[in-house]
Each structure stands twice: as structure tokens, then as C-alpha cells.
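The values are calculated or read from the model by the stated rules, or taken from the named source; none is laboratory data. Just so it is clear, the structure is predicted and the values come from calculations on it, not from any experiment. Methodologically, a virtual Cβ is constructed for each residue, glycine included, from the backbone with ideal geometry; neighbour enumeration extends over all protein chains shown.
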Amino acid sequence: MENFILIGILVFIVAGFFILRKFYRNTPVDEHHDHEHGGEDGVCCGRHTNCAKGYDNSNLYFDDEELDRFKGTNPEEYSDSDIEEFRNVLYTMKEDEVDNWVHCLQTRGIELPPQVKEEVLMMLQ
């Protein structure tokens with residue numbers, strides 16, 4: 001008798017998992033509208049701390065793990081060598097990857113040095 005109760009509970013949990021999974025998969029996500037964002041042609045406008053243009057974070061990867069040590073660092077505190085490190089990464093990527101790279105840095109809590117941020121904004125416009 002106890003086995004039937006345990007099996008019933010297990011079936012209930014598994015069924016609940018699949019029902020919730022299906023529900024969340026079919027729930028529409030708010031779509032981003034460029035007119036609200038201010039960007040043109042899907043390009044980040046640079047007016048927000050975090051760009052909300054609608055990124056697919058599932059496959060964002062940049063070979064820049066060395067920048068993770070700057071997480072939480074005040075951008076005004078970067079040394080000249082730190083700034084050059086950001087520039088080296090920036091100028092070794094494709095131009096169409098720059099806005100995704102900046103978004104990736106932001107999600108990791110890494111702020112760009114002001115000098116590099118200006119260069120990024122010029123590249124994106």
C-alpha cells in the first residue's frame with residue numbers, strides 16, 4: 001500500500017514538472033520595440049546602463065575571461081594597462097559583435113573604462 005502512495009506522489013511530481021515546463025515554454029515574453037529603446041536598426045543607442053534591445057544570451061561567448069577580474073571595479077579606477085587590455089579585446093572582434101560584447105560585459109558586472117566606452121559608442125553609430 002505504501003508503495004502505491006509513493007508511486008502516486010512521484011507520478012504527480014513528474015506530471016507537474018512537465019505541465020509547468022510546457023506552460024513556461026508557451027508563455028510569451030515581452031518583445032522589445034526599438035521605438036521605446038531609441039535605437040535604430042537594432043543598434044544599441046548607448047543611452048542606458050543596460051541595453052534592453054533583446055539579446056539572446058544562450059550562445060553569447062567571448063574569449064575575454066581575463067576581464068572578469070574587473071567585475072565591480074569603478075571605471076574611473078582603471079590603469080592605462082587595464083584600458084589597453086579592454087581595447088585589445090575590442091579591436092580583435094568583428095564589428096557586428098561589439099554590442100553583444102558590451103551587453104555580455106554588463107551582465108557579468110564589468111564596466112568599460114570611459115575612454116573605451118566612447119570608442120564603442122562611435123563604433124556602434
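What to note about this one:
- Residue that is nearest to Asp64 (Cα to Cα), among those in the range 91-119 that are of a type in the set (A, V, I, L, M, F, W, C) and modelled with pLDDT of 90 or more: Ile110
Yes/no matrix, rows are residues, columns are (1) part of a loop (DSSP other than H, G, I, E, B); (2) farther than 30 Å from Glu111 by Cα; (3) at pLDDT 50 or above:
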site	(1), (2), (3)
Phe4	no, yes, yes
Phe18	no, yes, yes
Asp30	yes, no, no
Arg47	yes, no, no
Gly54	yes, no, yes
Arg69	no, no, yes
Ser81	no, no, yes
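- Some residue of the range 78-100 being in contact (Cβ under 8 Å) with a residue 40 or more places away in the chain and out of contact with any Pro (no Cβ under 9 Å at 6 or more places or on another chain): yes
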